[in-house]
1. Let me confirm something: among 192, 225, 275, which residue is crowded, with 18+ Cβ neighbours inside 10 Å, modelled with pLDDT of 95 or more, within 18 Å of the chain's Cα centre (by Cα) and farther than 23 Å from residue 10 by Cβ?
2. Could you check the range 278-299 and list, in sequence order, the residues that are under 19 Å from residue 78 (Cβ atoms) and surrounded by fewer than 18 Cβ atoms within 10 Å (Cβ to Cβ)?
3. Which of the residues belonging to the range 22-37 are within 24 Å of the chain's Cα centre (by Cα) and free of Cβ contacts under 8 Å to residues at least 24 places away in the same chain?
4. Hey, could you check the range 66-77 for residues that are touching a strand residue (DSSP E or B) at 6+ places or on another chain (Cβ under 8 Å) and surrounded by fewer than 20 Cβ atoms within 10 Å (Cβ to Cβ) and say which is farthest from residue 13 (Cα to Cα)?
5. Mind listing whichever residues of the range 148-160 are on the phi < 0 side of the Ramachandran plot and free of Cβ contacts under 8 Å to residues at least 40 places away in the same chain?
6. What pairs come out if I take residues in the range 245-269 that are in a loop (DSSP other than H, G, I, E, B) and pair them with residues that are exposed (fewer than 13 other Cβ atoms within 10 Å of the Cβ) whose C-beta lies under 8 Å away, six or more apart or interchain?
7. So, in the range 143-152, how many residues would count as being crowded, with 17+ Cβ neighbours inside 10 Å and modelled with pLDDT under 95?
8. Please state which of the following conditions residue 179 fails to meet, knowing it meets all the rest: (1) part of a helix (DSSP H, G or I); (2) more than 18 Å from the chain's Cα centre (by Cα); (3) without any contact (Cβ under 8 Å) to a residue 60 or more places away in the chain.
């Protein structure tokens, strides 16, 4: 399979390395224009702490035009620009996958798509840590849920896609209702990401008594907004999911906390900010999610000014 990976972050490099281990794949990497001094190889440390190297092959226009699969491993705020940049040179028959936190505007994705081109969401629980430019560690085995956002995909192509992804980074599961899975992950992100970033704590701290009222209020607001999007979610189930993830990743640093510590732009606009914007759209107050969104935006403004 001809595959282009867009993005050289922890997840992009994880897919680039693992997909390259299948000799039948031709995998290339599209890096940010801001990358300087590109090395010939990337470094990968597996779960068993063994180190490996993989040659880096950069994508060109021909690779996009011949691609069977393009995986966007980018921050949510970068997806629209990347879509606009690569849409015109991408094979109209290629399967497009988006791996990111938060939720995107599906109308924009549809506008940028060919009529029936399959666009797929990917939700991952694998742990991947970027320790240096083009150096990553696979810090935790997990799973991937994928499902159709736009267009159509045949059973043949679906089966081939799952086989390729599963061989590279198991376990990959097809979800007929990926929208619900996206909202379940959004709920976890709405709690863990902003709270760990604001309070500068590890994920496990979220399970303490200090945050119980915040968790309840964040999720209550999200459930109301989800109902306006034709989803019936349970606060009790969401709370259990949040606490389970906090426990399972207790020593981890959330992606938003990592961004804040590194003084980078966060994905808050597509997480709590998404709930805030949905609240405006449906004339529903979301004071807790709105406040968290504003607090993170203030942090970004403070360190970027």
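The values are calculated or read from the model by the stated rules, or taken from the named source; none is laboratory data. Note that the structure is predicted; figures quoted are calculated from it, not measured. Every residue, glycine as well, gets a Cβ built from its backbone with ideal geometry; the counts of neighbours run over all protein chains shown.
1. 275
2. 297
3. The answer is 33, 34.
4. Only one residue fits best here, namely 66.
5. Hits for the range 148-160 are 148, 152, 154, 155, 156, 158, 159.
6. As it stands, the answer is 253/261; 263/303; 263/304; 265/304, since those pairs meet every condition given.
7. Here the count works out to 3.
8. (2)
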